[in-house]
Amino acid sequence: MILVLLGTQNNSFHRLLEEIDNLIQKGIIKEEVVVQAGYTKYETSNMKQFDLIDSEEFEELQKKARIIITHGGVGSIISSIKKGKKVIAVPRLHEYGEHVNNHQKQIVELFKEKGYIIGISDVKDLEKALLEVEKFKPVKFQQNNEKMLKLIENFIDSI
């Protein structure tokens, strides 16, 4: 199962769901796709969608997922890599009205550089990332990794 996490932002991330739907229709994605859509409204019968659920159900879905595709939110990324999941992260972008600025680009790049995730900046690169994720061996997230937490804190403080 592929779990898609769009977070709790009150902006839509329609672009990402359109691309996932396109890849399902093309037969690139063959397994079940479950989407935590938050405020994104997208009509399709190709994915199981819900807005928000309680934390226990959410954690259960994360545990079951083979791959997690997420927006560039720190919480979604960290909660997924803590569980040892293969993560593809796609930033919400300001120019599409998906966020107030482009800080998610830097967040995705930071986690990508550290080897925790596959990070892409354009939804059109999702097909390539799905091929890459099969061979991807993520760096194991260290719960006490003070250096990583400090990098994230410094980055957030700089925006």
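Cβ separations smaller than 9 Å between residues 6+ apart or across chains give the following pairs from the range 1-27 residues that are in contact (Cβ under 8 Å) with a residue 60 or more places away in the chain and over 20 Å from L93 (Cα atoms) to residues that are buried (at least 18 other Cβ atoms within 10 Å of the Cβ) and of a type in the set (K, R): L3/K85.
Quick grid of which residues meet (1) more than 15 Å from the chain's Cα centre (by Cα); (2) assigned to a loop (DSSP other than H, G, I, E, B); (3) farther than 14 Å from G7 by Cβ; (4) among the aromatic types (F, W, Y):
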residue	(1), (2), (3), (4)
V35	no, no, no, no
K41	yes, yes, yes, no
F58	no, no, no, yes
I68	no, no, no, no
I78	no, no, no, no
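Every test in (1) assigned to a strand (DSSP E or B); (2) exposed (fewer than 13 other Cβ atoms within 10 Å of the Cβ) is passed by E31 save one, and that test is (1). Considered as a group, the residues in the range 35-86 that are of a type in the set (A, V, I, L, M, F, W, C) and within 19 Å of V123 (Cα to Cα) include one that is surrounded by the most Cβ atoms within 10 Å (Cβ to Cβ), and that residue is I69. Buried (at least 17 other Cβ atoms within 10 Å of the Cβ) and in a helix (DSSP H, G or I): does that describe L3? Taking the combined requirement at face value, the residue does not satisfy it. L93 meets all of the listed conditions (1) surrounded by fewer than 18 Cβ atoms within 10 Å (Cβ to Cβ); (2) without any contact (Cβ under 8 Å) to a residue 24 or more places away in the chain; (3) not aromatic (F, W, Y) but one, namely (1). Counting only residues that are of a type outside the set (G, A, S) and in a helix (DSSP H, G or I), the range 80-93 holds 2 of them. Flag not set for S45, criterion: modelled with pLDDT under 95 and over 14 Å from M1 (Cβ atoms).
Could you tell me which residue of the range 100-121 is modelled with the lowest pLDDT, considering only residues that are surrounded by fewer than 21 Cβ atoms within 10 Å (Cβ to Cβ) and in a helix (DSSP H, G or I)? Per the criteria, the residue is H103.
From the list G97, G75, the one residue that fits, being out of contact with any Lys or Arg (no Cβ under 6 Å at 6 or more places or on another chain), at negative phi, modelled with pLDDT under 90 and small (G, A, S), is G75. Restricting attention to the range 124-137, the residues that are within 17 Å of I77 (Cβ to Cβ) and of a type in the set (A, V, I, L, M) add up to 3.
For Q9, the conditions (1) part of a loop (DSSP other than H, G, I, E, B); (2) at pLDDT 95 or above are fulfilled apart from (2). Scanning the range 128-142 for residues that are within 15 Å of the chain's Cα centre (by Cα) and hydrophobic (A, V, I, L, M, F, W, C) yields a count of 3.
The values are calculated or read from the model by the stated rules, or taken from the named source; none is laboratory data. Nothing here was measured: the structure is a model prediction, and the numbers come from that model. Please note: Cβ atoms are built from the backbone with ideal geometry, for glycine as well, and neighbour counts cover all protein chains shown.
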